[in-house]
Amino acid sequence: MEKTSAIGLAYIWKFIRKNWMWVFFGAIFGLAAAFCVTNWAMQKKYVSTVKLYVYVSADDALRLSDEVSALTYAQRVVNTYIQMLKTYSFYERVQASTGLDYTTEELERMISFASLNGTEIFAATVTSTKPEDSQKIAEAIGEIAPGVISGIKETGQLKIVDFPRLNPKPISPNLKLNLLLGLVFGGFLSFMFLILRDLTSVRIQSAAELYEKHGLSVLAEVSDIGKADRKKHASMYRRRKS
């Protein structure tokens with residue numbers, strides 16, 4: 001019977017009990033590797049958000065048909081304002097206001113806009129590798145956006161409802177998640193290495209394995225003597241020979 005055909009739950013459980021310490025050390029190594037990679041190799045990212053309220057005048061709402069509510073209209077205006085802000089000229093003004101060393105293309109990738117739960121409020125979120133930069137850019141957006149909107153639409157008004165804050169805690173990488181993944185993968189990879197080494201080994205580890213693989217029974221076994229006994233027998237042999 002080939003060894004590979006004997007794989008089953010009993011074999012795996014017996015193998016884990018026999019090699020649990022190596023699997024444990026593999027998991028600890030994976031945990032340590034994940035910690036080092038997360039803290040020193042992966043780039044941290046920080047966010048800061050400014051929330052803006054879209055003011056819709058009563059005159060604008062009255063121009064609509066009775067089927068469209070003021071809130072529905074405001075939500076449409078929110079999406080319109082977001083598109084007005086997602087322009088090259090707006091990013092240029094933000095770049096000039098902050099004085100930070102980012103190009104307009106980089107700012108475009110760093111800034112994201114999103115309406116909030118179908119309300120008249122939308123958020124501008126800035127993601128960067130420095131918490132101070134994220135806050136400074138978000139503050140510039142809050143200062144510049146109302147003027148940009150009113151410059152395009154005379155009745156358009158934006159008001160800040162939530163000012164950006166300095167957030168020293170990075171949003172990524174996720175240390176806890178990475179540590180968990182390192183622990184799991186470290187243990188799993190060490191287990192797979194050990195089990196593959198065991199399955200491909202040509203050495204006979206026990207009498208039971210000899211019978212399973214070749215159908216041969218062991219007639220007798222010679223136990224291994226300790227180091228002290230080997231020295232003792234070697235000393236006796238030399239005395240007899242002399």
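For every residue, the table says whether it meets (1) closer than 30 Å to Phe113 by Cα; (2) modelled with pLDDT under 95; (3) in contact with an Asp or Glu (Cβ under 7 Å, 6 or more places away or on another chain); (4) not β-branched (Val, Ile, Thr).
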| position | (1), (2), (3), (4) |
| --- | --- |
| Lys14 | no, yes, no, yes |
| Trp20 | no, yes, no, yes |
| Leu31 | no, no, no, yes |
| Asn39 | yes, yes, no, yes |
| Ser48 | yes, no, no, yes |
| Val54 | yes, yes, yes, no |
| Val78 | yes, yes, yes, no |
Exercise for the section: For Thr72, work out the one condition from (1) under 33 Å from the mean Cα position of the chain (by Cα); (2) of a type in the set (Ser, Thr, Tyr); (3) modelled with pLDDT under 95 it doesn't fulfil. Expected result: (1)
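Results for (1) under 26 Å from Gln43 (Cβ atoms); (2) surrounded by fewer than 17 Cβ atoms within 10 Å (Cβ to Cβ), shown as yes or no for each residue.
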| site | (1), (2) |
| --- | --- |
| Gln83 | no, yes |
| Lys86 | yes, yes |
| Thr119 | no, yes |
| Lys136 | yes, no |
Exercise for the section: Name, by its number, the condition in (1) at pLDDT 90 or above; (2) out of contact with any strand residue (DSSP E or B) (no Cβ under 8 Å at 6 or more places or on another chain); (3) in a helix (DSSP H, G or I) that does not hold for Gln43. Expected result: (3)
Handout entry: Residues of the range 37-57 classified as buried (at least 18 other Cβ atoms within 10 Å of the Cβ) and of a type in the set (S, T, N, Q), total
Key = 3
Exercise for the section: Report whether or not Phe185 is touching a Gly at 6+ places or on another chain (Cβ under 8 Å), surrounded by 13 or more Cβ atoms within 10 Å (Cβ to Cβ) and either assigned by TED's automatic domain parsing to the domain that holds Gln75 or not aliphatic (A, V, I, L, M) (or both). Expected result: yes
Exercise for the section: Give Ala124, Ala96, Ala145 a once-over and let me know the one that is touching a residue at least 24 places away in the same chain (Cβ under 8 Å) and more than 30 Å from the chain's Cα centre (by Cα). Expected result: Ala145
Practice task
Could you list, in sequence order, all residues of the range 162-182 that are part of a strand (DSSP E or B) and either small (Gly, Ala, Ser) or loosely packed, with under 13 Cβ neighbours inside 10 Å (or both)?
Solution key: Ser172
Exercise for the section: Could you tell me whether Ser115 is of a type in the set (Ser, Thr, Tyr) and at pLDDT below 95? Expected result: yes
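The values are calculated or read from the model by the stated rules, or taken from the named source; none is laboratory data. Please read all numbers here as calculations on a predicted model, not as lab measurements. Here Cβ is always computed from backbone atoms with ideal geometry, including for glycine, and neighbour counts include all displayed protein chains.
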